[in-house]
Amino acid sequence: MTDDLPQQFWQSIEQFNAGEFYDCHDTLEALWIEATEPEKTFYQGILQIAVALYHLGNRNWRGATILLGEGSNRLRRYPSVYGGIDVDELLNQSVALLRTLQQTEPEKIATMNLGEDEALPLPKIVRENETRE
């Protein structure tokens with residue numbers, strides 16, 4: 001399955017992990033538009049999580065929480081590892097961030113350093129058999 005995914009997909013994963021969420025969105029959206037199932041929903045789930053993190057970077061708490069939830073729900077349909085990606089790890093990180101956002105005042109999020117604040121770690125996409133840095 002890993003070999004079947006286009007190079008642009010792996011580029012989008014690199015962009016996601018580098019915090020280039022808008023670029024990741026653009027790269028994945030181009031793939032998503034042309035994709036068929038089951039990849040279409042897989043791409044969309046990752047894309048929505050990337051857009052959620054982009055919103056979070058712009059302090060858009062509502063947009064971030066909505067898209068984190070939607071993206072996570074789409075990815076729940078997939079096995080623990082899909083396309084060479086550790087889906088369970090991405091889901092665990094995304095759901096943990098969503099819970100933190102839901103329990104934190106939107107005004108307080110504006111003062112946090114995203115990805116650097118231990119209270120608000122950003123998800124990373126881990127390839128199968130990799131460990132999170």
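Observations on the model:
- Residues of the range 37-47 that turn out to be among the polar types (S, T, N, Q) and either touching an Asp or Glu at 6+ places or on another chain (Cβ under 7 Å) or not in a helix (DSSP H, G or I) (or both), as a count: 0
- For the range 5-36, a residue qualifies if it is touching a residue at least 60 places away in the same chain (Cβ under 8 Å) and part of a helix (DSSP H, G or I), and the qualifying residues are Phe9, Ile13, Phe16, Asn17.
Residue-wise test of (1) among the polar types (S, T, N, Q); (2) part of a loop (DSSP other than H, G, I, E, B); (3) closer than 10 Å to Ser94 by Cβ.
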site	(1), (2), (3)
Ile49	no, no, yes
Ala52	no, no, yes
His55	no, no, no
Ile66	no, no, no
Gly71	no, no, yes
Pro79	no, yes, no
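- The range 61-109, residues that are among the basic types (Lys, Arg) and in contact (Cβ under 8 Å) with a residue 12 or more places away in the chain: Arg62, Arg74, Arg76, Arg77
- Answer residue from the range 83-113, given it is in contact with a helix residue (DSSP H, G or I) (Cβ under 7 Å, 6 or more places away or on another chain) and exposed (fewer than 15 other Cβ atoms within 10 Å of the Cβ) and is modelled with the lowest pLDDT among those: Pro106
- Thr41 being among the β-branched types (Val, Ile, Thr), free of Cβ contacts under 8 Å to residues at least 60 places away in the same chain and surrounded by 20 or more Cβ atoms within 10 Å (Cβ to Cβ): no
- Residue check, Ala64 closer than 19 Å to Arg127 by Cβ and either of a type in the set (Asp, Glu) or at pLDDT 90 or above (or both): no
The values are calculated or read from the model by the stated rules, or taken from the named source; none is laboratory data. Worth saying up front: this structure is predicted, and the values here are computed from it rather than measured. Cβ sites come from the backbone with ideal geometry, for glycine too, and all protein chains shown count toward neighbours.
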